[in-house]
Amino acid sequence: MRLREIGELVRWPSFEPDRHRRVLARCHDLDDLRVAARRRLPRPVFDYVDGAADEEISLRANRAAFQSWQFRPRVLRDIADPDLRVSVLGRELSVPFGLAPTGFARMIHPEGEVAVARATAGRGIPYGLSTTGTTTIEQLAATGHEELWFQLYVARDRKLVHALLDRAAASGFRALEVTVDTPVSGRRSRDLRAGLTLPPTLTARSLLGIAARPGYWLAALRNPALGFANVQPPDGAAYTTIAGITSLFDPSLTWDDIDDVRARWPGPLLIKGPLGPADAVRAASAGADGIHLSNHGGRQLDRCIPPVELIRPVREAVGEHITLVADSGIRHGADIAVAIARGADLCMVGRGYLYGLGAAGQAGVEHATDLLAAQLRRTLQLLGAASIAELRRCGDELVVPGDGQH
Ligand SMILES: Cc1cc2nc3c(=O)[nH]c(=O)nc-3n(C[C@H](O)[C@H](O)[C@H](O)COP(=O)(O)O)c2cc1C
C-alpha cells in the first residue's frame, strides 16, 4: 500500500462532548447498559437494582428459562417491515412491551420516574408507577404520558388505599396493577450486606463511596431530598429499610380485598404475581381484566417458578379474553418473542430500563427501549414472522423447547 492509502484507512476517534451520548454509544445491548450503570452508581444502589432474594436462584432461573426456548424459523416470507403493534386493554401500543413498576427511581437517577415517563411518552409504551415511587401521581401525570399504569401495594390503612386509587383515577392513569407477591418482603441479601437505607445515608462507608462516584453524589445532593412521594408513614416514623417499608403493607390480604379494590377502581385491573392457573381463574372471576405473571424479577420468593413457564398453562386456563402480561428475566427482544409465542399479550421489563436510567437518565431509558424494539424486530425478521399477531398465532411452530423433543 502507498502511504496515502494507509492514511485513508486511519480513523481518528472523534470526541463526543456529551457524557451520556458517549456512554450510550458503547452500549449495544442491555448487558452493556448494566455495565455502564455499575460504573456510575454507588455499589449499594447498583446492588439494589441488580440483586434479588436469598440465593438469587430465581434471578438466574428466570434468564435460563427464557434461554431454554429455541427458534425454528421459516424462510422466504416478506418480512421487510414487521408490524410490532399490539392491542392491549383496548389501546394500540407500538411495541408489545412496557416498563414495569419499580420503587425508588430517584435513587437511581435524580429525575427518576419523570425521566422514565418522558422517555416513553408519546411512544405507545406503557409505564407503571410504583406505590413506593419517588414522584407523585400528579407529577407523573403532568408529563403527558398517555399510558400510565399505577401499581398498588395494599396498605394496612384502607383509607390510604382508597385515596391512592382516587388520585390515580383522577390523574388519568389507565390501568391498575395490584401486586400480590409481597405479603412480606423478600430477603435481599445484597441490600442487607451493604446496609442499604432509603435514601442512602452518609455513613463512613458511603463517604468513601463519594470519592469513587462523585458524579452520582453531586447530582443527588443538588436535587430535592429523596423520599416516598405517595405514601407517608402514618406516625411520621422513618421507614428506611426495605423490610420497614414493606411493613406498611398488609400481610393478611385476601381475595375479599381484591373485591374492594375492584369496586373502587373504574379502569382495567390486573393482578401482579406468580399466579398459577387456579389463582388466575380466581382473579378473572374477581373481575380482573388481566394477569401480570411475575416473580418480581426473583426479588421475593427465591426458587419461584419462572413466569415464562406459567404463560401457557395460565392462558389455557383463562382463555383469550383475559390480558396476559409477563415479566421477570427479559433482557433481549428475543425473550419478548418467546413470551408472545407462548401466549402473552404484553411483556414488562424491570431491570433492563433501570440499567439505562442508572447509566444515562432519560437518554439511557430511551436507549434501552430502542435496543429492545430493534432486537425484537430483527428476531421477527429472522424468524420469518411478519407481525406480532402472526408470532402469537404460529407460536408453537416458531418457538420450541430446547430439549430436542419436537
Ligand atoms: C429495583 C426494583 C424495584 C422494584 N419495585 C417494585 C415495586 O415497587 N412494585 C412492584 O410491583 N414490583 C417491583 N419490582 C418488580 C418489577 O415490577 C418487575 O416485576 C421485575 O423487575 C421484572 O423482572 P426483571 O427485572 O428481570 O425485568 C421491582 C423491581 C426492581 C428491579
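None of the figures in this text is laboratory data; all of them are computed from the coordinates on show. Please read all numbers here as calculations on a predicted model, not as lab measurements. Quick reminder, even Gly has a Cβ in these numbers, built from the backbone with ideal geometry, and neighbours come from all protein chains shown.
Residue-wise HN-Hα couplings along region 130-137, as the Karplus relation 6.51 cos²θ - 1.76 cosθ + 1.60 with θ = phi - 60° gives them from phi, are 7, 3, 8, x, 10, 9, 6, 3 Hz; Gly and Pro carry x. The spacing between region 74-126 and region 366-400, judged by their C-alpha centroids, is 14 Å. Considering the dipole of the chain built from charges on the beta carbon (Lys and Arg +1, Asp and Glu -1) around the Cα centre, which of 210, 292, 15 is farthest to its positive end? Of 210, 292, 15, it is 15. The residues neighbouring residue 189, those whose beta-carbon lies less than 10 Å from its own, together hold a net charge of -2 under the Lys/Arg +1, Asp/Glu -1 convention. Dividing the convex hull volume of the alpha-carbon atoms in region 22-401 by its residue count gives 127 Å³ per residue. Fewest-first ordering of 294, 252 by other beta carbons within 10 Å of each residue's beta carbon gives 252, 294.
When the chain is treated as a GNM with alpha-carbon contacts under 10 Å, the residue of 115, 225, 386 showing the greatest mean-square fluctuation is 225. Placing +1 on the Cβ of every Lys and Arg and -1 on the Cβ of every Asp and Glu, with nothing else charged, gives the chain a dipole about its Cα centre of roughly 1360 debye.
Each of 143, 66, 42 was scored by the projection of its Cα onto the charge dipole of the chain, and the greatest displacement toward the positive side belongs to 42; charges sit on the C-beta of Lys, Arg, Asp and Glu.
Using the alpha carbons of region 112-199, what is the convex hull volume per residue in cubic angstrom, as a whole number? Taking the convex hull of the Cα positions in region 112-199, it is 119 Å³ per residue. How large is ³J(HN,Hα) for each residue in region 286-298, as worked out from phi by the Karplus curve 6.51 cos²θ - 1.76 cosθ + 1.60 (θ = phi - 60°), to whole Hz, x for Gly and Pro? So the J values, rounded to whole Hz, are 7, x, 6, 8, x, 10, 9, 6, 7, 10, 6, x, x. Residue exposure proxy: 26, 392, 34, ordered by other Cβ atoms within 10 angstrom of their Cβ from fewest to most, comes out as 26, 392, 34.
Amide H contacts of residue 83: 387, 388, each under 5 Å away and 5 or more positions distant or on a separate chain (H built 1.01 Å from N in the peptide plane; Pro and chain starts excluded).
Out of 223, 62, 295, any idea which swings most in a Gaussian network model of the chain, alpha carbons joined below 10 Å? Looking only at 223, 62, 295, the biggest GNM fluctuation is shown by 223. Of the beta bridges in the chain, as assigned by DSSP with both residues counted there, near 20 percent are antiparallel.
Amide H contacts of residue 347: 97, 98, 326, each under 5 Å away and 5 or more positions distant or on a separate chain (H built 1.01 Å from N in the peptide plane; Pro and chain starts excluded).
Residues 323, 203, 369, 254 in ascending order of nearby Cβ atoms (within 10 Å, fewest first): 254, 203, 323, 369. Considering only 41, 192, 372, the Gaussian network model of the chain with Cα springs below 10 Å gives its largest mean-square fluctuation to 192. Phi angles of region 187-194 translate, via the Karplus equation with coefficients 6.51, -1.76, 1.60 and θ = phi - 60°, into HN-Hα couplings of 9, 8, 4, 5, 5, 5, 5, 7 Hz per residue; Gly and Pro are given as x. Other residues whose C-beta falls under 14 angstrom from the C-beta of residue 372 contribute a net charge of -1, scoring Lys and Arg +1 and Asp and Glu -1. Contact order, relative form, for the chain: 28 percent (alpha carbon pairs under 8 Å, 6 or more residues apart, mean separation divided by residue count).
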